[in-house]
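Please read the structure below before turning to the comments.
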Amino acid sequence: MTKINVILGSSRNVSLGKNLLNYLKAHQGEYEQATGAQFNFLEVGSYDLPFFYEDFAPLNNPDRHLKPNEQKWLDDMNAADGYVFLTPEYNHSFPAVLKNAVDYIAGEVNGKPAVIVSYSSNGRGGQFGGLELGPVLTRLGVFILPPQVLIGSVQDNFAADGAVLPDAPSGAYYGKKLLQTAKRIVFYTNLFKDHPFDANK
Ligand SMILES: Cc1cc2nc3c(=O)[nH]c(=O)nc-3n(C[C@H](O)[C@H](O)[C@H](O)COP(=O)(O)O)c2cc1C
């Protein structure tokens, strides 16, 4: 079965991204029924990764000695066929905690597609955070699917438990957009899975 990881890139206790993540979790059944895929939900903060400290870059290091929590992050990423990254914008980029987690990755995400969903507390939807994340993931062999999905004013649309607020200005609009995003990542993930690149052909 096709597996999609939805990864929250903020580790703040009061992360607004958790509202969005909880919304997606609440709709997991709907997404799985619509796509036939399995959705898993990850938070980079939950792995307690130290600042990257290895002697060699993971892509050039076949002999890594990782602690269980570090290996779990890699195993979880390796187990997925495609990804949805949820990222806010911190000072026109994506959070350092997400960059640190990405720096641990070697081949686990290579050749797999991802959609970037950026979000913010204002109307701009965290666009620069998402735009900066794309090239970093591309370096690791991820195929970033256009377009980036922008979710603005999260706190006006989604409650902490993921419920759509009664007076949400864009609740229905974002609901449709996120369902379409789930369908889009699964569609392209299946294409990639069914047609793996074979360098010897
Ligand atoms: C350190 C920091 C820097 C931020 N920089 C930006 C920014 O450059 N542009 C922007 O639109 N919002 C910025 N924000 C506001 C975020 O959109 C808002 O705080 C959002 O809730 C962050 O996501 P999180 O709560 O999941 O961490 C920043 C927030 C923080 C904490």
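Grab the other residues whose beta carbon is less than 15 angstrom from that of residue 68, score K and R as +1, D and E as -1, and report the net.
Residues near residue 68 contribute -1 overall.
Take the eigenvalues of the Cα gyration tensor for segment 122-201, scale each by 5, and report the square roots as semi-axes in whole Å, largest first.
Listed largest to smallest, the semi-axes of segment 122-201 are 32, 16, 9 Å.
For the charge dipole of the chain, defined by +1 on Lys and Arg C-beta atoms and -1 on Asp and Glu C-beta atoms about the Cα centroid, which residue among 51, 149, 8 has the Cα displaced farthest towards the positive pole?
Comparing the listed Cα positions along the dipole, 149 ranks first.
With +1 on each Lys and Arg Cβ and -1 on each Asp and Glu Cβ, and nothing else charged, work out how big the dipole of segment 3-194 is about its Cα centre, in Debye to the nearest 20.
440
If Rh is defined by the Kirkwood formula over all Cα pairs and Rg also comes from Cα, what ratio Rg/Rh do you get for segment 19-113?
0.99
For a quick protection proxy, order the peptides 47-56, 94-103, 166-175 by their average other-Cβ count within 10 Å, most packed first.
Descending mean neighbour count gives 94-103, 166-175, 47-56.
Within 12 Å, Cβ to Cβ, of residue 150, how many net charges do the neighbouring residues add up to if Lys/Arg are +1 and Asp/Glu are -1?
+1
Amide H neighbours of residue 81 under 5 Å, at least 5 residues apart or on other chains, H built in the peptide plane: list them.
Amide H neighbours of residue 81: 3, 4, 5.
In sequence order, what are the phi-derived ³J(HN,Hα) couplings for segment 91-96 according to the Karplus relation 6.51 cos²θ - 1.76 cosθ + 1.60 with θ = phi - 60°, rounded to whole Hz, with x for glycine and proline?
6, 6, 9, 9, x, 4
Divide by every residue of the chain the summed helix terms, -39500 (n - 2.57) for each DSSP H run of at least 4, and state the resulting mean residue ellipticity at 222 nm, rounded to the nearest 500 deg cm²/dmol.
Computed ellipticity for the chain at 222 nm equals -12000 deg cm²/dmol.
Against the globular-protein guess of 2.2 N^0.38 Å, express the Cα radius of gyration of segment 58-154 as a ratio, rounded to two decimals.
1.11
Could you please report the charge total around residue 190, scoring K, R as +1 and D, E as -1 over all other residues with beta-carbon less than 13 angstrom from its beta-carbon?
Cβ neighbours under 13 Å give a net charge of +3.
If you wrap a convex hull around the alpha carbons of segment 3-194, what volume per residue comes out, as a whole number of Å³?
Dividing the Cα hull volume of segment 3-194 by its residues yields 111 Å³.
Every read-out reported here was derived from the displayed coordinates using simple, explicitly stated rules and does not represent laboratory data. In this text, all values refer to a predicted model and were calculated from it rather than measured experimentally. For neighbour counting, all protein chains shown are included, and Cβ atoms are generated from backbone atoms with ideal geometry for every residue, glycine included.
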